[in-house]
Amino acid sequence: MKAFRILGKNIDESFKGVFRNFSLSLASISCITITLVLVGFGILLSSNVNNFTEQIEKDLTIVVFLDRETEASEIEALETRLKTMDNVSDVIFNSKEQVRKEMQAESEVFDSVMSRYTEETNPLQDSFMVKVEDINGIGEVASEIKKLEKVDLVKYGEGSVEELVKIFDMVKKVTWIVVVALVLVTVFLVANTIKITIQSRRREIEIRRLVGASNPFIRRPFFFEGIILGFLGSILPIVACWYGYTYIYKRLHGQLFTAIIPLVKPMDIMHLVILTLLGIGVVVGAFGSYRAVRKYLKI
């Protein structure tokens, strides 16, 4: 019970400290708020880039065209070989007749042209659609498939796919670097705010020390003060990210420029944003306070 009373007293002192030094607290909260708004939208950007990359990975396939003289038994053996290859997640066979019917269904022009061909005169080729587990290794898989017998042509968007993957990887890395940099800046700002607070209350600290207060008892309110500042500083960013992203999502009808680039639904991502911003705010406030107390509180 005594420990709870001491803890409650420390928290009460922390709240009093926040409001007693309101101008400094407001400056610290403002710094945390501005930083976390940027961090929040950085997380949203990174999540959408990840989502788009995953969509590309799901839809991207290697198209394997077979020799026209390939027999049914050879197609079956080739399918088995493709399924056992490293980094291959799925293999789908498309007969030339199936492709012809799909093309006819897509367009009246294709229907007019393709209807002239019979199964024997069909100029199309049987093919396999091969999906990979790791998009970074798609080039190696395509190269291995080209060496197989009865394979006439392999296409997957050579060059452009690798460049696209590099661009998305770079965007994700830059986004996270910016987020980490902003968090470090916030820690520095909170630490300096707590430092100034400590300096402005040195006389009070000395009086507490003279009446027998222990060093941990004196330090603890500053630690909780940092947590309170972090918590208060995270509220506005959470609200801004919630309503801002929801508005953008509705305004753009859930897609960026085209249906090929879908945006992550607000309800699928906001719980992550809220927990992350709240966690960063509290941890940054606590760490900034701890750093300031440890470095600048000379008692």
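Given Pro266, Pro216, which one is modelled with pLDDT under 75, open to solvent by 10 Å² or more (accessible area, probe 1.4 Å) and not basic (Lys, Arg)?
Pro216
Could you please give the count of residues in segment 47-93 that are under 30 Å from Met170 (Cβ atoms), modelled with pLDDT under 85 and among the hydroxyl-bearing types (Ser, Thr, Tyr)?
Qualifying residue count, segment 47-93: 3.
Matching residues to (1) closer than 17 Å to Val187 by Cα; (2) modelled with pLDDT of 85 or more; (3) in a helix (DSSP H, G or I); (4) in contact with a strand residue (DSSP E or B) (Cβ under 6 Å, 6 or more places away or on another chain):
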position	(1), (2), (3), (4)
Ile227	yes, no, yes, no
Pro237	yes, yes, yes, no
Trp242	no, yes, yes, no
Tyr249	no, yes, yes, no
Gly285	yes, no, yes, no
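Considering only helices (runs of 4 or more DSSP H) fully contained in segment 21-127, which possess at least 3 residues that are over 39 Å from the mean Cα position of the chain (by Cα) and either buried (at least 17 other Cβ atoms within 10 Å of the Cβ) or touching a residue at least 24 places away in the same chain (Cβ under 8 Å) (or both)?
Counting at least 3 such residues, we get 96-106.
Consider Ile205 against the criteria (1) more than 30 Å from Gly42 (Cα to Cα); (2) at pLDDT 75 or above; (3) assigned to a helix (DSSP H, G or I): it satisfies all of them except one. Which criterion is unmet?
Failing condition for Ile205: (2).
Just for segment 133-163: of the residues that are β-branched (Val, Ile, Thr) and modelled with pLDDT of 85 or more, which one is surrounded by the fewest Cβ atoms within 10 Å (Cβ to Cβ)?
Among those that are β-branched (Val, Ile, Thr) and modelled with pLDDT of 85 or more, it is Val151.
The values are calculated or read from the model by the stated rules, or taken from the named source; none is laboratory data. Because the structure is a prediction, the values reported are computed rather than measured. Counting neighbours? That spans all protein chains shown, and the Cβs are built from the backbone with ideal geometry, glycine included. Each accessible area value is taken on the protein alone, full model and side chains, heavy atoms only, with ligands, DNA and RNA left out. Shrake-Rupley method; radii C 1.70, N 1.55, O 1.52, S 1.80 Å.
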